[in-house]
Structure formats: structure tokens, C-alpha cells
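Only one structure is covered here, and it is reproduced in the block below.
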Amino acid sequence: MADLFVNGIILGSIITLGAIGVTLIADILNFFNFAHGDMFSFGAYMTLFFLGIFPNWGTFPGLTFGPAMIVAALLAMGITAAFALFFDRILFKPLRERGASSLFLALSALGVAFIFRSIIRLVWGPQVQYYSRALQMAKRFPMGITIKPDEFFIVGAAFFLVLVVYLFLKRTKMGKAMRAASDNETLARVTGIDTEKVVIWTWIIAVSLTAAAGILYGIEVQLRPIMGWNILIPIFVAVIVGGVGNLWGALVGGMIIGVAQELLTGVLQNMFNAMNVDVLMSAYKPAVAFVLMIIVLLVRPEGIFGTGE
Amino acid sequence: MSLLEIENLSAGYGPEVDVLHGISLDLNEGELLAVVGPNGAGKTTLLRTVSGVLHPSSGRITLKEKDITNYGPEEIIKMGLSFVPQDQHIFPSLTVKENLEMGAYTLKGDQGERMEEIFSIFPQLQSRLGQQAGSMSGGQQQMVAVGRGLMIQPEILLLDEPTAGLQPSLVKMMLDKVREINKLGVSVLLVAQTLEALELSERAYLLSAGEIVLSGKTEELIEEDKVQDLYFGSSRTEEGEGR
């Protein structure tokens, strides 16, 4: 049980990074970014690309990767964000200026998702890839908890990024302007806030975070072209559970979804194993997310932290 | 030369649905000008157009002898014109301090000194700097909104019914503040909902169905039947246009 919970926290921290971006875009650009999952994958694959061209700089003690991963990750986050900005200029901005509805924007984002996924398949192929094939010994803790050193890094990096985004939104002028624009776009313009600049920053933050999440997922699991699409549903559910537009909602929602997926499927798996029923519960993780979403929508549609606006 | 000049302005919310039909109006330096009129007359549309939120379908707006007809709000505020809308006039999830900071978004550097000046007008805000603006009472929110509008040290302040929804004691306080702000040298264009608000002004325009039907010195205008109708119902006129 405790081990499943820990696995849930690890998965939850990755989902959280994706959810923060989705919630920011939903709040400021008024649509659910269906391309978010494939940007997640693209970040992971771009990192793989840079790792391939960098010399071997060694690994951090105990981890399966070294400084090259950090540099590659930062470059990949930047490039993924640059791609997103490119699509904003050629696609989302013209649609915005024509007053396109959220539905149109979301469907266009779906198109962008396919573009990212096709690029990945074309360049890297459909097969599974790894950053490192090195085996790692998990550390054992009481209550049957096992944690690999890489996993400490994943959770630490995720929380560090959440903190950075929080401080940016809370302390910097642009961060405050982003919150102001999400509160009331017309008033933001009347106040002199450059809302196009706000949009650019929203993309940069949202997309570099999802790219980072993809990279962390690649370290924890493996790289597959469909990885981001598969995690998009839990990310959306985390946003809805937490309340659209709320940073803490994304964090709490992400953790709830991560833990619920791991715990419920794990517990049911043990139950079915005991009953000798041949079923692979891990395939049902998205179902857990959906059930949670339905419950939240029925009981508290504005989400845990939502204000119901 | 007037500070703000509006000539033959038509504007609205879409093609061929103009709310304003050829309005001409001017605001002189240091003046407190009122615009009055029944609901739906186009008062808010006028302020939204002047501040750049809406683009006019025809006509001309000149600010400090510069044609700003098709400027966006981001550019107009930089020219010293600040707009405080009637509702949705604050950033509810931001603190009072952050609301004021956003008011000075177009300015560089620390605005601590300017904030002190705002506190001298609205001392109540000083002790509530860290409070979320959305959690405040209507009167306090109005102070935040006007304070935000004053942060850029505007030459012109557009106020859309700043006393709407306030309890009577606060209405008087807010109107005193408007007078105080005007005395500090800010030219004010006030959409006045009440007779007290109208009485603050030196000159006024009566807007009805998107057209200016009367204008002149406030003391003379108040005596007009159409203005009396607006505030006291139709008792004084025989036809009784009603409100």
C-alpha cells in the first residue's frame, strides 16, 4: 500500500507539471490545450536527441544520468516552447483575433497534437526508446516502500519547478500581469497590460513545464510516441479536479490523480491475483482518472479550489 | 483648447448595431464634467470607446491634440487617460497592493511613493494591502478601483458610476473623493447616476438613446425637465417620458 502511494506521488508530480500548463492556458487563452500531451512527448524526444549528440559527461552519483541530461533538458524545454510559440503565431493568434470559440481553439490544438506526434514518429520511429539502460538499485524503506534514486530526483525537480512558477506568478511584474489578465482581460488592457506579451509568457511557462514533465517521465519509464497522449487524460482530470485556473488546484489534483491511479489499480490487482483472475489492472489507470472526473463533475463541478466563476 | 475632444462619434458592439449616434463632447483641463442619462443611453459605451476598449464606427477622438480614434487601451493609458469601469473594475484574485501595482503597469520602477499618495486619498486601503481584493466589500472594492486608476497620475480620469451599489454613507464619501481628486488637478469625466453626483460637476451632458439631447452648465441643466425626469421620475412633465 505505502509503496503504491509513493509511486502515486511520483506519477502525480509528473501529472502536476503538465496540469499547471493546461490550467494556465485554459485560464488565460480560454481553451483546453489538446496538444499539451504531445508537447510533453516532444520535450522528452528532443532531450533524447541532444543526449545523442552530447559527449559523455558522466553521471551524477547514484543516478542514471549526468550533467548532459540537465543541459539537454533545458534546451529541449526551450525548443518545445519555441515550437508552441510558432504555432501560436501561425494558428492560435489569428484565431484569437477572429474571436474563435474555445471549441475551435481546442480542435486546432488537437491538430497541433497530431503534428507533434507525426514529427516524433517520423524522426524517432514508433519503437520504445530509453535515455539510459542502466539498472538502478531501489533503496528500501520501512513499510515495503522502495524508491530509486532517480525517483527522488523526479519528485525534487517537479516540486522545484512548481516553486519557481509560484514565485514567478507571485513576485514578478509579468507574473502578476498574467494573474491580472486571467482575472479580467478587458481590465488588464485598460490598465495598460500588454496582453499579447502575457500570452507569450503563458506559452513559454506552460510548454516548458510539460516538456520537463515528459523528460521526467522518460527518466522514470521509457519514451514512446504515444506517451504524452496517454497522460493527457490524467492531466486534464487533474485540472478539473483541482479547479481550472488554480495553481494549487493543479498540484493537489495532480497528486490525487497520481495516487488514486496507482493505489486503486494496485489494490484491485492484488485482489484479482488472490482470486486467480487473469487481468492486467495497470491498463485501467485512465479509467480511474475518468471515474474521478465524473465524481468531481457531479459533486463539485468547479473543482476543489475552483470559485465557480 | 480642450484636453479631450469627441467629434461626431458613433460606436457600438458590432457592425450596424451602434449604441452611440454621432456624439460630440469636450472636456477641458481641470474640469469635472458629468454625463447623465437613463439606462441604456450609451454612457458606458461612450467611456469604453474613449478608453480604447471599443473602436468607433465613425467620428474622431482627440486627446491633447492627438488623434487617438483607433488607439488601443494600452496606448491610451500611456497618454495619461485612465478608465475606471463600473463593474468588474478590480482584479479579484490579486491583493490590494497588486491591484495598485497593476495600475502602474506602464510605468517603470518602484511606485511606493505614488502608492503613499493613493493612501492619502483612501487611507482605508493602507491597512488592507495584503487582502485579496475580491474578498472586500463593495465600497472598498470601489476604492481599490479608483486607486488603481490613479496610479499612473492620469491627466484624465473616466469614472463610470463610481457610486453604483454603494450604501448612502459611502456614496457621499466617494463623491467627496471624486471632488478631491479633481481638486488635485485631474480632469474628470464622470458618469453620474445620482443627482448628488451630477451636482459635483461644472458642466454636464444629457445622453439619451445614444444622442446628446442637452448640454450646458450643471446648475442650469438641473432645472431642465428632462434632467428632472431622470432623477425624480416623470411627475414634472405632462407627456411623462419616464425613466
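The values are calculated or read from the model by the stated rules, or taken from the named source; none is laboratory data. Source: prediction; values computed, not measured. All Cβ positions, glycine included, derive from the backbone under ideal geometry; neighbour counts span all protein chains shown.
Check B:Gly138, B:Gly165, B:Gly185 and return the single one that is touching a residue at least 12 places away in the same chain (Cβ under 8 Å), surrounded by fewer than 19 Cβ atoms within 10 Å (Cβ to Cβ) and under 17 Å from B:Leu32 (Cα atoms).
Residue meeting the stated conditions: B:Gly185.
Mind checking whether some residue in segment B:209-219 is of a type in the set (Ser, Thr, Tyr) and at pLDDT 85 or above?
Looking for residues that are of a type in the set (Ser, Thr, Tyr) and at pLDDT 85 or above, one finds at least one in segment B:209-219, hence yes.
Just to be sure before I move on: is A:Leu110 crowded, with 20+ Cβ neighbours inside 10 Å and within 22 Å of A:Phe42 (Cα to Cα) in the structure I sent?
no
If you go through segment A:234-282, how many residues are closer than 12 Å to A:Leu11 by Cβ and touching a residue at least 40 places away in the same chain (Cβ under 8 Å)?
Final tally of qualifying residues: 14.
Anything in segment A:175-212 that is within 13 Å of another protein chain (Cβ to nearest Cβ) and polar (S, T, N, Q)? List them, or say none.
A:Ser182, A:Asn184, A:Thr186, A:Thr191, A:Thr195
Could you please tell me which pairs satisfy a Cβ distance under 8 Å, a separation of 6+ or placement on different chains, a first residue in segment A:92-116 that is touching a residue at least 24 places away in the same chain (Cβ under 8 Å), and a second residue that is of a type in the set (S, T, N, Q)?
Here the result reads A:Phe92/A:Ser108; A:Ser102/A:Asn30; A:Leu105/A:Asn30; A:Ala106/A:Asn33; A:Ala109/A:Asn33; A:Phe116/A:Ser41, each pair linking segment A:92-116 to a residue that is of a type in the set (S, T, N, Q).
What number of residues in segment B:1-59 are surrounded by fewer than 19 Cβ atoms within 10 Å (Cβ to Cβ), under 24 Å from B:Gln228 (Cα atoms) and at pLDDT below 90?
Matching residues across segment B:1-59 total 3.
Say we look at segment B:110-123 and pick out the residues that are surrounded by 16 or more Cβ atoms within 10 Å (Cβ to Cβ) and part of a loop (DSSP other than H, G, I, E, B); which of these is nearest to the other protein chains (Cβ to nearest Cβ)?
B:Gln111
Select, from A:Leu216, A:Leu187, A:Leu163, the only residue that is free of Cβ contacts under 8 Å to residues at least 40 places away in the same chain, aliphatic (A, V, I, L, M) and crowded, with 24+ Cβ neighbours inside 10 Å.
Going through A:Leu216, A:Leu187, A:Leu163 in turn, just one is free of Cβ contacts under 8 Å to residues at least 40 places away in the same chain, aliphatic (A, V, I, L, M) and crowded, with 24+ Cβ neighbours inside 10 Å: A:Leu187.
Within segment A:16-43, how many residues are within 20 Å of A:Leu110 (Cβ to Cβ) and assigned to a helix (DSSP H, G or I)?
18
Of the residues A:Phe168, A:Phe114, A:Phe160, only one is outside any strand (DSSP E or B), farther than 16 Å from A:Leu17 by Cβ and modelled with pLDDT of 95 or more; which?
On inspection, the qualifying residue turns out to be A:Phe114.
This table checks each residue for (1) within 16 Å of the chain's Cα centre (by Cα); (2) within 11 Å of chain A (Cβ to nearest Cβ); (3) of a type in the set (A, V, I, L, M, F, W, C); (4) outside any loop (DSSP other than H, G, I, E, B).
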{"position": "B:Leu125", "(1), (2), (3), (4)": "no, no, yes, yes"}
{"position": "B:Val171", "(1), (2), (3), (4)": "yes, no, yes, yes"}
{"position": "B:Gly185", "(1), (2), (3), (4)": "yes, no, no, no"}
{"position": "B:Leu189", "(1), (2), (3), (4)": "yes, no, yes, yes"}
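For segment B:41-93, which positions are free of Cβ contacts under 8 Å to residues at least 24 places away in the same chain, of a type outside the set (Val, Ile, Thr) and more than 14 Å from chain A (Cβ to nearest Cβ)?
Scanning segment B:41-93 gives B:Lys66, B:Asp67, B:Asn70.
Going by the structure shown, is B:Ser57 more than 21 Å from the chain's Cα centre (by Cα) and closer than 28 Å to B:Gly165 by Cα?
The answer is no for B:Ser57.
Yes or no: A:Gly249 within 14 Å of chain B (Cβ to nearest Cβ), farther than 30 Å from B:Ile77 by Cα, crowded, with 24+ Cβ neighbours inside 10 Å and out of contact with any strand residue (DSSP E or B) (no Cβ under 7 Å at 6 or more places or on another chain)?
yes
So if I check each of B:Leu107, B:Leu159, B:Leu129, which one is assigned by TED's automatic domain parsing to the domain that holds B:Leu63, among the hydrophobic types (A, V, I, L, M, F, W, C) and not in a helix (DSSP H, G or I)?
Only one candidate passes the filter, namely B:Leu159.
Listed here are the residues, each with its yes/no results for (1) in a helix (DSSP H, G or I); (2) not aromatic (Phe, Trp, Tyr).
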site	(1), (2)
A:Trp229	yes, no
A:Val239	yes, yes
A:Val244	no, yes
A:Trp248	yes, no
A:Val277	no, yes
A:Val288	yes, yes
A:Leu297	yes, yes
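Can you pull out every residue in segment B:74-93 that is surrounded by fewer than 22 Cβ atoms within 10 Å (Cβ to Cβ), part of a loop (DSSP other than H, G, I, E, B) and not small (Gly, Ala, Ser)?
Scanning segment B:74-93 gives B:Met79, B:Gln86, B:Asp87, B:Gln88, B:Pro92.
Consider segment A:4-34. How many of its residues are over 11 Å from A:Leu247 (Cα atoms), under 11 Å from the mean Cα position of the chain (by Cα) and of a type in the set (A, V, I, L, M, F, W, C)?
Here the count works out to 3.
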